[in-house]
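One structure is given below, encoded as structure tokens.
The values are calculated or read from the model by the stated rules, or taken from the named source; none is laboratory data. From a predicted model like this one, the values you see are computed outputs, not experimental measurements. Note that we place each Cβ from the backbone using ideal geometry, even for glycine, and neighbour counts take in every protein chain shown.
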Amino acid sequence: MIGLIEKAEKFHRLDKDELVCLLSCNNDVAAELFAAADRICRKYIGDGIYLRALLEFSDYCRNNCLYCGIRAGNSTCLRYRQSVDDIVQAAVFAKRKGLETIVLQSGEDTFFDSDKMCDIIKRIKALDMAVTLSLGEKSTEEYAAYKKAGADRYLLRIETTDEAVYKAMHPNMSLKNRKRCLYDLKILNYEVGTGTLVGLPNQTAESLAEDILFYVEAGADMVGIGPLIPHPQTPLASAKAGDIMTVMKMVALTRLLLPKANIPAVTAVETLHKGSRDKVLAAGANVVMPNVNAENLKEKYEIYPNKYGIGKSAAEVIKNIENGAKVIGKRVLKSKGNSKAFTPAVVIGLTGGIACGKSYVSSLLAKKGFAVVDCDKIVRELQTYDEDVMKKIKAVFPLAFRNVDGKDVLDRAKLSELTLAKEDGLAEMEKIMIPLVLQRVRELIVFFKKQGKKYIVIDAPLLFEAGLNALCTLVICVYADDEVSLKRYLAREGTSKERLSVLKTRQLPLSEKMKMSDVCIKSENESETAAAVDKFVSECVNMGDVGEK
Ligand code: SAH
């Protein structure tokens, strides 16, 4: 076991079995684990503890998470919403206390629509503070709007990566959408925080290990891990509280695998066991989030009962954190404390009409070192390797498969023929393929971001139609004269005018796409196109580091 800790300290990698092993270790080994996490924290982050002002501005929630006291179904919960002015005033107050980051948290309250949130964000950004949001699941467009308004970071715990547990705890929600949200946030250049609620019924060491691997996969910049505290007015009233030792092991292992991440010692830890906060800060954590809400509201935001901090002023709590920090050889820093793991990227959408010369532009951008996510290629790969996709296609187009050596193989030319012959065939294929392609696109962009790629291209014929433009910093539309495109198209194998006209019914007209794009590049003559791409690339680089603060 000690060997595993040494490995993690050196290489910052552990596989699932190794994580499970350490999550189940005895207290002596755990002490070694915490010491190793503390060393890595000091090496990559230093001895600083960053403070974040937490403002819980509304406890209205449309969801019904089984563990949460502010769930919609809890009729005894005292609901409140702060006014926009009060929220901004709370930020002013926090800034006066020397806190440079405000965390705006709420239930999923639809009253605060995109415009209201953007107004709040802009007004707080004008105070020169870092703005972290924790508002739950939103659309890609909403996340993009908050980012544009100036939001810097977003917290959204995955809670658990165990499909069955997730489903049981979150009625009418899905793990898939939660992941979609986290990928969107990462692609939109937020510093992204996720994490786990430890102690959910039927959660296993295996699933906790998977949670940690998920933080790594999703490129988490921040990770908040806390124990479940049963709330009497929820279906989990008689559940057992989460185990603090497990929380500490999760924190330590996360620090070892994500050395640069910002990891809070969360309020629930201190609530459950007085004194635990400082232990977590000595086992890999480096952030604390004192509550700056008005006293009468702190109590109302009752996700769990008897929250630490109630009855204490923010100044008192900060003093307490400072005193605790001294004992463990750390010190409180009030600076913004941006994540050292943060890697912003420019995401460029590349689209165009049919046979407009888009692939040529894409190949030129690839030559310039831009990472390219090619949607057509993803479709081909999914239709060649993905069993699930094949099954779905087979249900609609059984005749598209040939039997080769006892195995079903998809004949893509045949599939294309059958798709066109069937009424709504193309729409049916899109229904199967688009959600899977979108998921893969998100995963690949995050993969490239984690590699440190600064410029990432999404090459997608249906960029606008599939809503991928919402993830892009800017969009290029490639165009060519109708006649040129037609000639090019008909020169390809298996094409016809009839086929083209059906394809066109599923796409926005080229003129629309051009209007919706930031840059249009003509692709008729190779050297002219290459010159236009060169110009674009130099402007892109001159734009500097988009997304960087
Ligand atoms: N609506 C936002 C904010 C939720 S509250 C969102 O969905 O992200 C923030 C966190 O409190 C949740 O992610 C959850 O992990 C935690 N939480 C909720 N109920 C809890 C309880 N009973 N005990 C401990 N933590 C709880």
Report task. State which residue pairs qualify: first residue in the same structural domain as Val247 (by TED's automatic domain parsing) and inside the range 209-225, second residue of a type in the set (Phe, Trp, Tyr) in any location, beta carbons under 7 Å apart, and separation of 6 or more residues or different chains. Result -> Ala218/Tyr183; Asp221/Phe342; Val223/Tyr215
Query raised in the report: Mind checking whether some residue in the range 270-284 is assigned by TED's automatic domain parsing to the domain that holds Ala31, closer than 18 Å to Glu191 by Cα and of a type in the set (A, V, I, L, M, F, W, C)?
Result: no
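Can you name every residue in the range 16-38 that is part of a helix (DSSP H, G or I) and not aliphatic (A, V, I, L, M)? Give the derivation first.
Narrowing the range 16-38 to residues part of a helix (DSSP H, G or I): 16-23, 27-38.
Correct list: Lys16, Asp17, Glu18, Cys21, Asn27, Asp28, Glu32, Phe34, Asp38.
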Report task. Kindly list the number of the only condition in (1) in a loop (DSSP other than H, G, I, E, B); (2) closer than 28 Å to Met129 by Cα; (3) away from the ligand (no atom under 14 Å from the Cβ) that fails for Lys274. Result -> (2)
Report task. Could you check, for the range 524-536, whether at least one of its residues is modelled with pLDDT of 90 or more and surrounded by fewer than 11 Cβ atoms within 10 Å (Cβ to Cβ)? Result -> yes
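If you take the residues in the range 491-504 that are part of a helix (DSSP H, G or I) and in contact (Cβ under 8 Å) with a residue 12 or more places away in the chain, which one is farthest from the chain's Cα centre (by Cα)?
Step one: of the range 491-504, the residues part of a helix (DSSP H, G or I) are 491, 497-504.
Still in the running and in contact (Cβ under 8 Å) with a residue 12 or more places away in the chain: 498-500, 502-504.
Numbers: Glu498: 42, Arg499: 38, Leu500: 37, Val502: 36, Leu503: 33, Lys504: 34 Å.
Result: Glu498.
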Query - Breaking point among (1) farther than 17 Å from Arg42 by Cβ; (2) outside any helix (DSSP H, G or I); (3) among the hydrophobic types (A, V, I, L, M, F, W, C), for Val317 - result: (2)
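Which fully enclosed helices (runs of 4 or more DSSP H) of the range 366-459 have 1 or more residues being touching a residue at least 60 places away in the same chain (Cβ under 8 Å)? Working first, answer last.
On the way: elements: 375-385, 387-396, 412-421, 425-450.
Once the helices (runs of 4 or more DSSP H) in the range 366-459 are filtered for at least 1 residues that are touching a residue at least 60 places away in the same chain (Cβ under 8 Å), what remains is 375-385, 412-421, 425-450.
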Requested in this report: Name, by its number, the condition in (1) touching a Pro at 6+ places or on another chain (Cβ under 9 Å); (2) farther than 30 Å from Arg96 by Cβ; (3) touching a residue at least 60 places away in the same chain (Cβ under 8 Å); (4) not in a loop (DSSP other than H, G, I, E, B) that does not hold for Ala252.
Outcome: (1)
Query raised in the report: From the list Ala265, Ala285, Ala261, Ala314, which one is touching a residue at least 40 places away in the same chain (Cβ under 8 Å), over 21 Å from Val131 (Cβ atoms) and in contact with a strand residue (DSSP E or B) (Cβ under 9 Å, 6 or more places away or on another chain)?
Result: Ala285
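Determine which member of the set Gly284, Gly329 is assigned to a loop (DSSP other than H, G, I, E, B) and surrounded by fewer than 21 Cβ atoms within 10 Å (Cβ to Cβ).
Exactly one of Gly284, Gly329 is assigned to a loop (DSSP other than H, G, I, E, B) and surrounded by fewer than 21 Cβ atoms within 10 Å (Cβ to Cβ), namely Gly329.
Considering only residues that are among the acidic types (Asp, Glu) and surrounded by fewer than 20 Cβ atoms within 10 Å (Cβ to Cβ), look in the range 13-42 and name the one that is nearest to Thr204 (Cα to Cα). Explain how you work it out, then say what you get.
Start the filter on the range 13-42 by keeping residues that are among the acidic types (Asp, Glu), which leaves 15, 17-18, 28, 32, 38.
If we keep only those that are surrounded by fewer than 20 Cβ atoms within 10 Å (Cβ to Cβ) as well, we get 15, 17-18, 28, 32.
Working: Asp15: 16, Asp17: 13, Glu18: 14, Asp28: 22, Glu32: 23 Å.
Per the criteria, the residue is Asp17.
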**Report entry** Failed criterion for Ser501 (all others in (1) out of contact with any strand residue (DSSP E or B) (no Cβ under 9 Å at 6 or more places or on another chain); (2) crowded, with 16+ Cβ neighbours inside 10 Å; (3) among the polar types (S, T, N, Q) hold)
**Finding:** (2)
